[in-house]
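Engineer: Below you will find the structure I want to go over with you.
The values are calculated or read from the model by the stated rules, or taken from the named source; none is laboratory data. Since we're looking at a predicted model, the values are computed, not measured. Backbone-built Cβ (ideal geometry, glycine too); neighbour counts: all protein chains shown.
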């Protein structure tokens, strides 16, 4: 085959990417613009300032911290529940496996607003409203079904001979699970953790309903929401906060792009 | 070894000492399976089944702010369903929801497929740019929603500035009749990466020899797309559109952040959210009505889960 020059394709791809990322650029642009010039809509921060970031750092750090704790706890909770059950579903031929799989598909399709309404009523009775633990538990429901489906379908692809061999050597199920299956599932675990983290970090529905009165112990999405609800919207600090809240996404995408793509194509991804 | 095989063989193998061992092991495996699965089963019961039952039960009881606290809401049977389903607002909202969902997924899919075909080619920076394309999908929707809200601001948004360059009047994007189109545009943008990634991986599963043979026969790339790519992508297309439908149906955050569901941008999900938590224009809390709309959404989700399962089976059979 003859090799043709492809630079023009790269050029088109670059232009498309820039169009796609324009909203993100605009967010950064506004976040670096002085208050009085924000409405003039310049294509680059002509009236440059870092004051918006100062303001954002001053007020939003507790929210960012809360989000980080919530998202990390969510990852741990998701893995604690998903890993053993994926082993049962993927390798131990659990009876009722098909019905459980179907339940997981349904679970993924249930609208968050329905879950939030149910949780609200239950939390109201248990006194879990406006607590960080209540939020972590609720946020974990976004990722658990996905994590189980991803991990169990990976474990199904592992050769059974590995487990058989270990058992002949006298290893218990628990040993097989912790010493063989979990280490081998490393990649899928990274993917599941990544999505669990991002979804908990992005959550608006549960935060705005179950944790709306939590003061500083609220996630960053609520910090941003406060700006929007305010009478006099401060777009500069708002956009600076939005940029700060996007950092985890950017970092994870840079260090773990292949895991992200793997997660999406697992065919069971939610939006 | 599967459990069904083991059950029949247990009976036959009784008395044969050398087969006793596998029997024991199988039994233990089943118990272990239940043990390993129990956290998930307990979790699903507490965190999925309980809220769902709660939601459905609320749709049959007439809840008010007071009875929500005291918990003695009177049983109303199907009355609230009748009220909601006979209100004109329900049907208007349903229509808007369908427009929102269908227009969104058609464009997400179309643009995603065009991009996937484009990125299938070899050129420099391909992998990197495809990765960057994921950003809109990974950024918290509330952040992109905020940005879109500002970009669509009537007075100083970049959208109207752009239209102004062509002498067009500013559009009140986020209000009344335009609101639905504003959230659709943002939502299409949001969903393109998801479609791109799935369809791109679908394209990679198509045998390259087919294209080579077709181009030897003189087929243009346009013909190759319609005769090879598109038909062979059908199973992936079906799954993508199904998932797109369900996930778009339950969207609340991007709409809520941009318009609070005002005007034509109210969908079933945002309507239920507004009524359940007394947010936005719905200043009074209507738990029961919200649960009714929620139950309608659950039913739609169930139907689609069945279709999804059917599509998945079909894809496996086709392979």
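Engineer: Which of the numbered conditions does residue A:146 fail, given that it passes all the others? Conditions: (1) modelled with pLDDT of 90 or more; (2) under 25 Å from the mean Cα position of the chain (by Cα); (3) within 18 Å of residue A:92 (Cβ to Cβ).
Structural biologist: Unmet for residue A:146, out of (1) modelled with pLDDT of 90 or more; (2) under 25 Å from the mean Cα position of the chain (by Cα); (3) within 18 Å of residue A:92 (Cβ to Cβ): (3).
Engineer: Can you list the helices (runs of 4 or more DSSP H) lying wholly within segment A:128-202 that have 2 or more residues being out of contact with any helix residue (DSSP H, G or I) (no Cβ under 6 Å at 6 or more places or on another chain), more than 10 Å from chain B (Cβ to nearest Cβ) and more than 30 Å from residue A:221 (Cα to Cα)?
Structural biologist: Answer list for segment A:128-202: A:160-168.
Engineer: Checking the structure you have, find out if any residue of segment B:154-161 is in a loop (DSSP other than H, G, I, E, B) and in contact (Cβ under 8 Å) with a residue 40 or more places away in the chain.
Structural biologist: Taking every residue of segment B:154-161 in turn, none turns out to be in a loop (DSSP other than H, G, I, E, B) and in contact (Cβ under 8 Å) with a residue 40 or more places away in the chain.
Engineer: Which numbered condition in (1) facing chain B (nearest Cβ under 9 Å); (2) at pLDDT 90 or above; (3) surrounded by 21 or more Cβ atoms within 10 Å (Cβ to Cβ) is the only one that residue A:80 fails?
Structural biologist: (3)
Engineer: Next question. Quick one: in segment A:229-243, of everything that is at the interface with another protein chain (Cβ under 10 Å from one of its Cβ atoms) and either buried (at least 21 other Cβ atoms within 10 Å of the Cβ) or modelled with pLDDT of 80 or more (or both), which residue is farthest from the chain's Cα centre (by Cα)?
Structural biologist: A:235
Engineer: Scanning for something at positive phi and part of a loop (DSSP other than H, G, I, E, B), does segment A:39-51 turn up at least one residue?
Structural biologist: Yes, segment A:39-51 contains at least one residue that is at positive phi and part of a loop (DSSP other than H, G, I, E, B).
Engineer: Okay, moving on. Can you spot a residue in segment B:135-150 that is within 7 Å of another protein chain (Cβ to nearest Cβ), part of a loop (DSSP other than H, G, I, E, B), crowded, with 21+ Cβ neighbours inside 10 Å and at pLDDT 85 or above?
Structural biologist: For segment B:135-150, residues within 7 Å of another protein chain (Cβ to nearest Cβ), part of a loop (DSSP other than H, G, I, E, B), crowded, with 21+ Cβ neighbours inside 10 Å and at pLDDT 85 or above: present.
Engineer: Please work out which residue is surrounded by the most Cβ atoms within 10 Å (Cβ to Cβ), limiting yourself to segment A:116-127 and to residues that are in contact (Cβ under 8 Å) with a residue 12 or more places away in the chain and more than 7 Å from chain B (Cβ to nearest Cβ).
Structural biologist: Filtering first and then ranking leaves A:116.
Engineer: Also, quick follow-up: Return the residue satisfying two criteria in turn: it lies in segment A:92-115 and is more than 25 Å from residue A:174 (Cβ to Cβ) and more than 7 Å from every other protein chain (Cβ to nearest Cβ), and of such residues it is surrounded by the most Cβ atoms within 10 Å (Cβ to Cβ).
Structural biologist: A:108
Engineer: Now for a separate question. Looking only at segment B:152-167, how many residues end up being surrounded by fewer than 22 Cβ atoms within 10 Å (Cβ to Cβ), within 8 Å of chain A (Cβ to nearest Cβ) and touching a helix residue (DSSP H, G or I) at 6+ places or on another chain (Cβ under 6 Å)?
Structural biologist: Final tally of qualifying residues: 2.
Engineer: From the list B:46, B:26, pick out the single residue that is within 10 Å of chain A (Cβ to nearest Cβ), modelled with pLDDT of 50 or more and either out of contact with any helix residue (DSSP H, G or I) (no Cβ under 6 Å at 6 or more places or on another chain) or in a loop (DSSP other than H, G, I, E, B) (or both).
Structural biologist: When all the criteria are applied, what remains is B:46.
Engineer: In addition: All but one of (1) under 20 Å from residue B:142 (Cβ atoms); (2) at pLDDT 90 or above; (3) assigned to a helix (DSSP H, G or I) hold for residue B:276; which doesn't?
Structural biologist: It fails just one condition, (2).
Engineer: On the basis of being within 21 Å of residue A:241 (Cβ to Cβ) and touching a strand residue (DSSP E or B) at 6+ places or on another chain (Cβ under 8 Å), does residue A:59 make the cut?
Structural biologist: Answer is no for this residue.
Engineer: Assigned by TED's automatic domain parsing to the domain that holds residue A:143, assigned to a helix (DSSP H, G or I) and over 24 Å from the mean Cα position of the chain (by Cα), is that true of residue A:65?
Structural biologist: When the stated conditions are applied, residue A:65 does not pass them.
Conditions (1) in contact with a helix residue (DSSP H, G or I) (Cβ under 7 Å, 6 or more places away or on another chain); (2) without any contact (Cβ under 8 Å) to a residue 12 or more places away in the chain; (3) under 24 Å from residue A:121 (Cα atoms); (4) in the same structural domain as residue B:196 (by TED's automatic domain parsing), marked per residue:
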| position | (1), (2), (3), (4) |
| --- | --- |
| B:72 | no, yes, yes, no |
| B:88 | no, yes, no, yes |
| B:97 | yes, no, no, yes |
| B:125 | yes, yes, no, yes |
